[in-house]
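Notes for the one structure printed next.
Just so it is clear, none of the values below were taken in a lab; they were calculated from the coordinates. It should be emphasised that the depicted structure is a prediction, and the values quoted were computed from it without experimental measurement. As a convention, Cβ positions derive from the backbone with ideal geometry for all residues, glycine included, and neighbour counts pool all protein chains shown.
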Amino acid sequence: MSALLLPNEILSMTAQAARLLVDSGDGDGALLYLALLECGGDGEKAAARLRWPDTRLRPAWERLISLGLARPPENTPAPPPRQDDRLPEYTREEITAAREQQSEFQALCLELEGMLGRVLLLNDEKYLYTIYDYLGFSPEVIVLLAGWIIRRERRQKNNPAAFPRMSDIRKEAFVWKRLGVDTLERAEDYLRRQECVDQREWAILQAVGVADRRPAVEKERQFIAAWVEMGLSDELIRLAYERTVYQKKAMNWPYMNKILQSWHKAGYKTPAQVEAGDRPSKRSQAPAQPQDFQPSQERIQKNNDWLDQFLAEQQKKGGG
């Protein structure tokens with residue numbers, strides 16, 4: 001037990017983080033979080049410390065991101081769609097039986113038909129049953145998921161009457177499953193964070209020089225989500241954009257992200273704080289004072305002796 005109490009080797013985490021990790025039941029996510037604490041939040045060092053293959057490291061990152069305990073590592077490409085050979089192939093008879101014998105699934109089908117404004121076809125019902133049966137999502141989570149995809153479709157297409165395909169909803173369901181967004185509480189928390197990004201998205205795009213109104217592409221949205229999570233203001237983001245363009249002669253999202261991360265780490269909240277922090281202090285700007293500016297007592301005595309000697313010599317000359 002003494003090895004757990006070595007001085008200067010104690011890591012600490014908040015009780016909230018501990019609860020989230022324990023409730024998630026994800027051991028790899030917890031180990032990655034501990035490695036991040038040990039490495040001061042440096043994702044590359046934490047990954048090197050664990051020495052895991054990408055197939056093990058990526059799901060752990062995704063879990064921490066979904067819990068709000070980490071941001072995506074820089075320059076990490078978006079995960080490719082996961083191909084799962086074990087996906088079930090439901091027959092028409094199985095789907096018909098599910099609708100007739102499972103009242104919960106039947107009610108879910110009717111709810112989705114109302115949300116999508118059309119009758120579900122057989123393939124639609126298969127996609128929906130995959131989410132319900134294979135992924136194990138509750139009807140409440142599925143309704144939240146479908147509503148989110150409908151809103152995203154309309155935002156991206158700038159069309160209030162647009163509807164997604166059922167295959168799009170199933171695809172996003174697999175993303176949610178990998179992120180651990182598979183309970184009502186986690187889905188509500190995830191959507192709250194997404195709505196915060198939605199509310200800020202266009203203002204931030206304007207701050208980085210986008211003139212024509214459009215939704216952010218996926219990579220842009222990842223950066224925007226990270227900046228919203230850090231609580232950065234539009235004014236601070238605009239200043240980082242101006243410095244990025246000055247240095248790079250064009251917009252560069254990863255470079256700008258590093259600027260904002262450094263300001264966030266330094267605790268800057270406003271452009272004025274950044275400007276003050278970047279300027280040299282008044283002390284460093286002041287001209288250096290001469291070394292003899294304050295004469296010492298010894299120097300004063302030497303000057304007095306010299307003056308006495310000078311006056312004595314002048315008196316001798318005058319008397320001669």
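Which value in nm describes the separation of the simple spin-label points at TRP202 and GLU235, placed 7 Å from the Cα toward the beta carbon?
Calculated label separation equals 2.3 nm.
As an exercise, use a Förster radius of 41 Å and the Cβ-Cβ distance of GLU93 and ALA161 to find the FRET efficiency, rounded to the nearest 0.05.
0.70
Would you tally the net charge around THR244, using a Cβ to Cβ cut-off of less than 12 Å, leaving THR244 out, and scoring K and R as +1, D and E as -1?
+4
When the chain is fully extended, how far beyond the present Cα-Cα distance does LYS248 get from ARG154, taking 0.36 nm per residue of separation? It would help to have the intermediate numbers written out before the result.
Working: separation 94, 0.36 × 94 = 33.84 nm, distance 3.44 nm.
Between LYS248 and ARG154, full extension yields 30.4 nm more.
Can you tell me the FRET efficiency between ARG19 and LYS177 if r is taken as the Cβ-Cβ distance and R0 is 25 Å, rounded to the nearest 0.05?
In this case the efficiency is close to 0.70.
Under the 0.36 nm per residue contour assumption, what length would be gained going from the current alpha-carbon distance of VAL119 and ASP28 to full extension?
28.5 nm
Residue-wise, which Karplus ³J(HN,Hα) couplings in Hz belong to segment 120-132, taking 6.51 cos²θ - 1.76 cosθ + 1.60, θ = phi - 60°, and x for glycine or proline?
Coupling constants for segment 120-132: 6, 7, 4, 4, 4, 5, 5, 4, 5, 5, 4, 5, 6 Hz.
Between SER103 and ARG51, what is the label-point separation in nm under the 7 Å Cα-to-beta-carbon projection?
According to this spin-label approximation, the distance is 5.8 nm.
Between LEU110 and GLU38, what is the label-to-label distance in nm when each label sits 7 Å out along the Cα-to-Cβ direction?
Label at LEU110, label at GLU38, 5.5 nm between them.
Residue by residue through segment 203-211, which ³J(HN,Hα) values in whole Hz follow from phi under the Karplus form 6.51 cos²θ - 1.76 cosθ + 1.60 (θ = phi - 60°), with glycine and proline marked x?
Per residue, the Karplus-derived 3J(HN,Hα) values read 4, 6, 4, 5, 5, 9, x, 7, 8 Hz.
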